[in-house]
1. Might you let me know whether the stretch A:37-48 holds any residue that is farther than 24 Å from B:A102 by Cβ and either under 24 Å from the mean Cα position of the chain (by Cα) or within 14 Å of chain B (Cβ to nearest Cβ) (or both)?
2. Quick one: which of A:V289, A:V367, A:V320, A:V403 is touching a residue at least 24 places away in the same chain (Cβ under 8 Å) and either under 19 Å from the mean Cα position of the chain (by Cα) or surrounded by 24 or more Cβ atoms within 10 Å (Cβ to Cβ) (or both)?
3. Let me confirm something: among A:Y33, A:Y13, which residue is surrounded by fewer than 19 Cβ atoms within 10 Å (Cβ to Cβ) and either of a type in the set (A, V, I, L, M) or without any contact (Cβ under 8 Å) to a residue 12 or more places away in the chain (or both)?
4. Has the stretch A:353-361 got any residue that is away from chain B (no Cβ under 14 Å), aliphatic (A, V, I, L, M) and over 20 Å from the mean Cα position of the chain (by Cα)?
5. Which condition number does A:N252 fail, the rest of (1) more than 21 Å from A:I383 (Cβ to Cβ); (2) buried (at least 21 other Cβ atoms within 10 Å of the Cβ); (3) touching a helix residue (DSSP H, G or I) at 6+ places or on another chain (Cβ under 7 Å) being met?
6. Among the candidates A:E125, A:E100, A:E119, single out the residue that is modelled with pLDDT of 90 or more and either within 14 Å of another protein chain (Cβ to nearest Cβ) or surrounded by fewer than 22 Cβ atoms within 10 Å (Cβ to Cβ) (or both).
7. Name the helices (runs of 4 or more DSSP H) wholly inside the stretch B:11-66 in which the number of residues that are away from chain A (no Cβ under 14 Å) and touching a strand residue (DSSP E or B) at 6+ places or on another chain (Cβ under 8 Å) is 1 or more.
8. Keeping to the stretch B:94-119, report how many residues are in contact with a Ser or Thr (Cβ under 7 Å, 6 or more places away or on another chain) and of a type in the set (A, V, I, L, M).
Amino acid sequence: MTRVAQISCGTEYSGIQWLFNDIAEKVGIDLVYPEMELSQVDAACKGLGFTAESPSLNMMMARAVSMLEDPTIKGALLLTCFKCAEGTIVKDLVRRYLHERTDIPIISYSNVEKPKEIEIYARLEALATLITRKSLLMREKQEGITMGIDSGSSTTKAVVMKDDEIVGAGWQPTTDPRKSVDEVMETALKGAGLKRSDIEAIGVTGHGRELVGEHVKADLNLEEVSVIAKGAALLTKLHKGDATVIDIGGMNNKLILSRDGIANIFNLGGICGGSSGRFLEVASHRLDVDISELGQLALKSKEKHDLQSYCMVFGIQSLVVTLASGVKREDVAAAACRSVANQVYENQIQEMEVRPPIIFVGGVSLVEGVKKEFEKMLGVDIIVPPNSQYAGAVGIATLVSGV
Amino acid sequence: MKVLVYPPNSLILTDLVERGGHEAVALMREIGEHVRDAEIDAPPLNVTEEDLKRALRYVSVEEPAGLKGRIGLLVPLLEEAEASVILSDAPPTFGCMGCAVADEFFKFLIRKKGIPTLEVKYEGGDKLEEAVEAIMAFLARLSQEGKATKSEKKG
């Protein structure tokens, strides 16, 4: 079992501690409270520069300080109650404090009465991978002939790699995950001019990885956070130093801060479809333009219009009303791109310090209008590497070559 | 020097900073710019979504809207300040943001910025004279340090 520090306030009173313990055990994590003396609380608050009114939050800071002295702790889970103003401040301070002093992976979450089990599972599973598979994640080069499959919620992607180059690729919308993967594998193999028997190893990632992994008899099955961070580093050849990876897929998104190509802090979206590629698909349909042309259309915009809601339902309703009021299609396309970028910024990017370079991957990275909106918002250039939609597949194809 | 006062809407502290020969960085100017902006229609303070978004550089999206709005208004002051005077535990009539968490957090942001800062406790009565003396002495030191820096640059 891997020891992970739980640095929290309010989980016991929220009635959700059992759920964290339960899921942690399933993914091989032993959640522990770092040891600390009450006499250390004042010094810890001084060290962090903030004293809260709530004693539990002050103890939370003391546990964070104490955690740094325990070499058996390999990761940290930060938890405070949703909508607690002081708690959120302390959680953020602790995250920054730890981040400046240690390289261990850290995740944070907000306590709510009915947390979604799948959300907690995804976070803890990613945390466990980052801790236990670190030596594998250090791989920077693909060797031999391998295949990487990313069975996403919206699309299924596959790449065939040979000696660190993509020699074949295929993608298609996910329907039956097994049928979709058979088809993309065939396309990727055809593109590479190879047979299935030429493939030395297969790796899978993505939402459907368990089912698909069994179906294709995968040699490696890993969650998406660590794989996407690796894929972004491989596609940009930026293996050293800090980077921020934004991945917006068909139905969810991720923001990952990585160091030397390995994720160490991440934030997962997925609460709202309005910040996903699906929103842009529906917007394209309403604008009567193919999704592949939406970004180019948005770049022609000269007048700024905003949608009245980020919501998949009400945002699209606002889009229709805006079109009906005579606003040009390109301005509405830009508004749709801005809506996605704004929501990702407000819900995810702003919660972390963005470390350049910023690498944008996932299907939505191909929509130029969204990239442009991010650049305006953050005031920095964003890198969209070639084959950015295959980041997950490239990451897992490379990692499986080291198994 | 641009000296941020806290509470940020304290007329007394603003006056003291100006008497000390410095430029006071206070909330009144920021609010003034907002309410005089004919383009914004969000009375009474003309605080808009943009102000709340600006706060996101320092606070999480989970924070309540009122806290984000307060920090959003204060962010330009923080970024402009070269020094600051913080008067703690002052009565609301002395100047107040009306939110204990925003108050604590903004004081933290000032301290974290690492600019020369004087923190004085409001104790009222005769102690208030001592507080004023401490503030004026701090402002005088800032002037001397400012002159020294200028002459160093010239040299």
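1. If we filter the stretch A:37-48 for residues that are farther than 24 Å from B:A102 by Cβ, which is where we start, we get A:37-40, A:43.
If we keep only those that are either under 24 Å from the mean Cα position of the chain (by Cα) or within 14 Å of chain B (Cβ to nearest Cβ) (or both) too, we end up with none.
No - not one qualifying residue is present in the stretch A:37-48.
2. Numbers: A:V289 fails: either under 19 Å from the mean Cα position of the chain (by Cα) or surrounded by 24 or more Cβ atoms within 10 Å (Cβ to Cβ) (or both); A:V320 fails: either under 19 Å from the mean Cα position of the chain (by Cα) or surrounded by 24 or more Cβ atoms within 10 Å (Cβ to Cβ) (or both); A:V403 fails: either under 19 Å from the mean Cα position of the chain (by Cα) or surrounded by 24 or more Cβ atoms within 10 Å (Cβ to Cβ) (or both).
Sole residue among the options that is touching a residue at least 24 places away in the same chain (Cβ under 8 Å) and either under 19 Å from the mean Cα position of the chain (by Cα) or surrounded by 24 or more Cβ atoms within 10 Å (Cβ to Cβ) (or both): A:V367.
3. On the way: A:Y33 fails: either of a type in the set (A, V, I, L, M) or without any contact (Cβ under 8 Å) to a residue 12 or more places away in the chain (or both).
The unique qualifying residue is A:Y13.
4. For the stretch A:353-361, residues away from chain B (no Cβ under 14 Å), aliphatic (A, V, I, L, M) and over 20 Å from the mean Cα position of the chain (by Cα): absent.
5. The single condition A:N252 does not satisfy is (3).
6. Result of the check over A:E125, A:E100, A:E119: A:E125.
7. Numbers: elements: B:11-19, B:27-36, B:49-55.
Output list reads B:11-19.
8. As a first pass, look at the stretch B:94-119 and keep what is in contact with a Ser or Thr (Cβ under 7 Å, 6 or more places away or on another chain): B:94-95, B:110-111, B:115, B:117, B:119.
Adding the requirement that they be of a type in the set (A, V, I, L, M) leaves B:110, B:115.
Of the residues in that region, 2 qualify.
The values are calculated or read from the model by the stated rules, or taken from the named source; none is laboratory data. Just so it is clear, the model here is predicted, and its values are computed rather than measured. Quick reminder, even Gly has a Cβ in these numbers, built from the backbone with ideal geometry, and neighbours come from all protein chains shown.
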